[in-house]
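The values are calculated or read from the model by the stated rules, or taken from the named source; none is laboratory data. In this text the structure is predicted, and so the values were computed from the model without any measurement. For neighbour counting, all protein chains shown are included, and Cβ atoms are generated from backbone atoms with ideal geometry for every residue, glycine included.
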Amino acid sequence: MTLDTMQFRSNLGLFATGVAVIATEIDDQLHAMTANAVSSVSLDPMLVLFCPAKRARISELLPRIQGFSINFLRDEHQALSNYFAGGQRTGAAAPPFKFVAAGATPRLEGALASLICTPHQTFEGGDHWIVTARVTEIHQGIEPHRPLLFFKGQYRDMDRRHATRAPDLADNAEEAALMYYHL
């Protein structure tokens, strides 16, 4: 079987993700990008990662970034996602948004949640960088907590009528490891 990049992308699109805006300020200028390649890495220490394309404007700034925020978008933030992804039509007005200071780092006001981070390590990842970061501050937005989701190349929202509670294994790593091996 020959691997095909479009098939690979299509299959990855079957993994629903949230949508985030990564934001930093350098030389008094805001730099922000939309990302769905965001993940937790570790609880102790608290580490997360995001993966910008090497051709992304923010990638050339990585060596200069002292801190940044990862801002999880709400289901009504589709226009913001498009704007920070560079998908806005030429000449169209920017959607309303505001960044507020979280120390020396800009945080998107009204986000579902925000993580204030400092760079930890950056790794080569093919045509992307894998940027790990230490979380230094956490901000949770107000209710209702309805995330903007990305699935099969489209924005989606969450149907809360069919929720089932998952086990919380974060405090019991040994139990989680045992469950993993018994699946």
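Among the residues of segment 72-81, those identified as among the charged types (D, E, K, R) and surrounded by 15 or more Cβ atoms within 10 Å (Cβ to Cβ) are Arg74, Asp75. Based on this model, can you work out whether Val41 counts as crowded, with 18+ Cβ neighbours inside 10 Å and touching a residue at least 12 places away in the same chain (Cβ under 8 Å)? Taking the combined requirement at face value, the residue does not satisfy it. Screening Ala85 with (1) surrounded by 12 or more Cβ atoms within 10 Å (Cβ to Cβ); (2) in contact (Cβ under 8 Å) with a residue 60 or more places away in the chain; (3) among the aliphatic types (A, V, I, L, M) gives one miss only, at (2).
Among residues of segment 51-71 being crowded, with 21+ Cβ neighbours inside 10 Å, out of contact with any Cys (no Cβ under 9 Å at 6 or more places or on another chain) and of a type outside the set (Val, Ile, Thr), the one that is farthest from Thr122 (Cα to Cα) is Asn71.
Determine whether Gly125 is surrounded by fewer than 13 Cβ atoms within 10 Å (Cβ to Cβ), out of contact with any helix residue (DSSP H, G or I) (no Cβ under 6 Å at 6 or more places or on another chain) and of a type in the set (Gly, Ala, Ser). Spelling it out, it is not the case that Gly125 is surrounded by fewer than 13 Cβ atoms within 10 Å (Cβ to Cβ), out of contact with any helix residue (DSSP H, G or I) (no Cβ under 6 Å at 6 or more places or on another chain) and of a type in the set (Gly, Ala, Ser). Checking every residue in segment 96-105 against the condition of being touching a Gly at 6+ places or on another chain (Cβ under 7 Å), in contact (Cβ under 8 Å) with a residue 24 or more places away in the chain and within 12 Å of Ala23 (Cα to Cα) gives at least one match. Where residues in segment 130-156 are small (Gly, Ala, Ser) and over 17 Å from His77 (Cβ atoms), which of them is surrounded by the most Cβ atoms within 10 Å (Cβ to Cβ)? Here the answer is Ala133. Being polar (S, T, N, Q) and at pLDDT below 90, is that true of even one residue in segment 100-114? No, segment 100-114 contains no residue that is polar (S, T, N, Q) and at pLDDT below 90.
Inspection of segment 6-15 finds no residue satisfying the criterion of being within 14 Å of the chain's Cα centre (by Cα), touching a residue at least 12 places away in the same chain (Cβ under 8 Å) and under 20 Å from Ile130 (Cα atoms).
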